[in-house]
Amino acid sequence: MEMQLPPHEGVELSVVDMHTGGEPLRVILSGYPEVKGDSVLSKRRYVREHLDHLRRVLMYEPRGHYDMYGALIVDSELPEADLGVLFMHNEGYSTMCGHAVIALGRFAVDYKLVKEPQSPETQVNIHCPCGLVKAFVEYSGGKTGGVRFLSVPAFAFATDVTVTVEGFGEVTLDISYGGAFYAFVNAQRFGLDVTKSRTRDLVDAATAVTNAVKSQVKLHHPTSDDLAFLYGTILTDGKDNYSSEVTANICVFAEAQVDRSPTGSGVTARVALQYHKGLIQLNQSRTFQSGSTGSQFTGKAVKETECGDFKAVVVEVAGRAFYTGVSRFVQEPDDKLTHGFLLK
């Protein structure tokens, strides 16, 4: 029996749901009005100011959940881009999302957003708010597989920064950029283990760090003020020296949202930080594991570059994304909860 939508008023919102390393991605196919702006960054500002109610409809309950993540495909002003994208979550709009890029690379090939696919890899140029990211999608026998991407220039912003964290006193940490800014600190500083401790305890510690950094450290980005904000805190197992062994971390971003994956932009920022400290060399690949799900990405610095006055690197991150379903959402006019809600 073919499923039909019930009688409804208003626009229909259709999506494809995916996950990368357990972290959800809701790719929005239709239902958004025109997103105005002459650049991806200006489009990001436009949806935040004029269309934020649709973010809440799709990310919040009852259609989503506290940790839902979304991607809205938009036109790019860059001729070399195959697509532009805006990222959304429980708090607002990110500037970069590696797990989403991995999923979107596969999605773009499968949904024919790029020219004829090539084996063994098809290149997909994705214009994120932080810049152009090049993804390479495994393609063989008409099927897509794993995805790797090359980051925008990533750099260590500041190392050994001491902030006063409520409930924990003075904490020394590093801040690094991988398309978004993150604070990095060893979970052992809080008596925690990223793979064994309660998620709530990890979230509380990371959120306290994020709040402290936001209030005590001024960030800046060489190319755009829109990129100069702390996205979250990544707690690590402290294994930063190069090793063939897996190293684990957990990322808490936006409004205490927990990334189920190792965090693509976080891996990018962590690799840039390790390279800056001389702990890894170019093309030394490391495996990064999510402390919450055990899923893994690989990451390595492949080229030195610059970002303004910062010495930077291009980082390659690789992982796999999977489809979980397709949905068509409606809003009934007499539904008082139709605009979404969150339970913390």
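Between a residue in the range 278-291 that is in contact (Cβ under 8 Å) with a residue 40 or more places away in the chain and assigned by TED's automatic domain parsing to the domain that holds Val313 and any residue that is open to solvent by 10 Å² or more (accessible area, probe 1.4 Å) and assigned to a loop (DSSP other than H, G, I, E, B), which pairs come within a Cβ distance under 7 Å, given they are 6 or more apart or on different chains?
Gln284/Tyr242; Arg286/Tyr242; Thr287/Val246; Gln289/Val246; Ser290/Gly21; Ser290/Gly22; Ser290/Arg260; Gly291/Thr195
Residue under question is Thr144, and the condition is that it be polar (S, T, N, Q) and surrounded by fewer than 18 Cβ atoms within 10 Å (Cβ to Cβ); does it hold?
Judged against the criteria, Thr144 is not a match.
Somewhere in the range 296-311, is a residue assigned to a strand (DSSP E or B) and within 22 Å of Met68 (Cα to Cα)?
yes
Quick one: how many residues across the range 149-162 are surrounded by fewer than 20 Cβ atoms within 10 Å (Cβ to Cβ) and either more than 18 Å from Asp225 (Cα to Cα) or among the polar types (S, T, N, Q) (or both)?
5
For the condition hydrophobic (A, V, I, L, M, F, W, C) and surrounded by fewer than 18 Cβ atoms within 10 Å (Cβ to Cβ), what is the one hit in Leu279, Leu273?
None of the other options fit; the residue is Leu279.
Check Glu245 against each of (1) in contact with a Phe, Trp or Tyr (Cβ under 7 Å, 6 or more places away or on another chain); (2) open to solvent by 10 Å² or more (accessible area, probe 1.4 Å) and name the one condition it does not meet.
(1)
Yes or no: the range 99-112 includes at least one residue that is in a loop (DSSP other than H, G, I, E, B) and open to solvent by less than 50 Å² (accessible area, probe 1.4 Å).
no
Would you confirm whether any residue within the range 297-305 is touching a Pro at 6+ places or on another chain (Cβ under 6 Å) and surrounded by fewer than 17 Cβ atoms within 10 Å (Cβ to Cβ)?
Yes, there is a match, as at least one residue in the range 297-305 is touching a Pro at 6+ places or on another chain (Cβ under 6 Å) and surrounded by fewer than 17 Cβ atoms within 10 Å (Cβ to Cβ).
Determine whether the range 18-34 contains at least one residue that is free of Cβ contacts under 8 Å to residues at least 40 places away in the same chain and of a type in the set (Ser, Thr, Tyr).
yes
I'm trying to understand the selection: among the residues of the range 110-146, which are hydrophobic (A, V, I, L, M, F, W, C) and out of contact with any Phe, Trp or Tyr (no Cβ under 6 Å at 6 or more places or on another chain)?
Answer for the range 110-146, where residues must be hydrophobic (A, V, I, L, M, F, W, C) and out of contact with any Phe, Trp or Tyr (no Cβ under 6 Å at 6 or more places or on another chain): Leu113, Val114, Val124, Ile126, Cys128, Cys130, Leu132, Phe136, Val137.
Being farther than 28 Å from Leu230 by Cα, among the β-branched types (Val, Ile, Thr), touching an Asp or Glu at 6+ places or on another chain (Cβ under 8 Å) and not assigned by TED's automatic domain parsing to the domain that holds Thr199: is that true of Val109 here?
Taking the combined requirement at face value, the residue does not satisfy it.
Name the pairs: first residue in the range 1-15 and touching a residue at least 60 places away in the same chain (Cβ under 8 Å) and within 9 Å of Arg328 (Cβ to Cβ), second residue of a type in the set (A, V, I, L, M, F, W, C) and in a loop (DSSP other than H, G, I, E, B), Cβ to Cβ under 8 Å, at least 6 apart or on different chains?
Listed by first residue and then by second, the contacts come to Glu12/Leu5.
The values are calculated or read from the model by the stated rules, or taken from the named source; none is laboratory data. What you see is a predicted model; the values in this text were computed from it and never measured. Counting neighbours? That spans all protein chains shown, and the Cβs are built from the backbone with ideal geometry, glycine included. Just the protein is used for accessible areas: all its heavy atoms, side chains included, with ligands, DNA and RNA removed. Shrake-Rupley method; radii C 1.70, N 1.55, O 1.52, S 1.80 Å.
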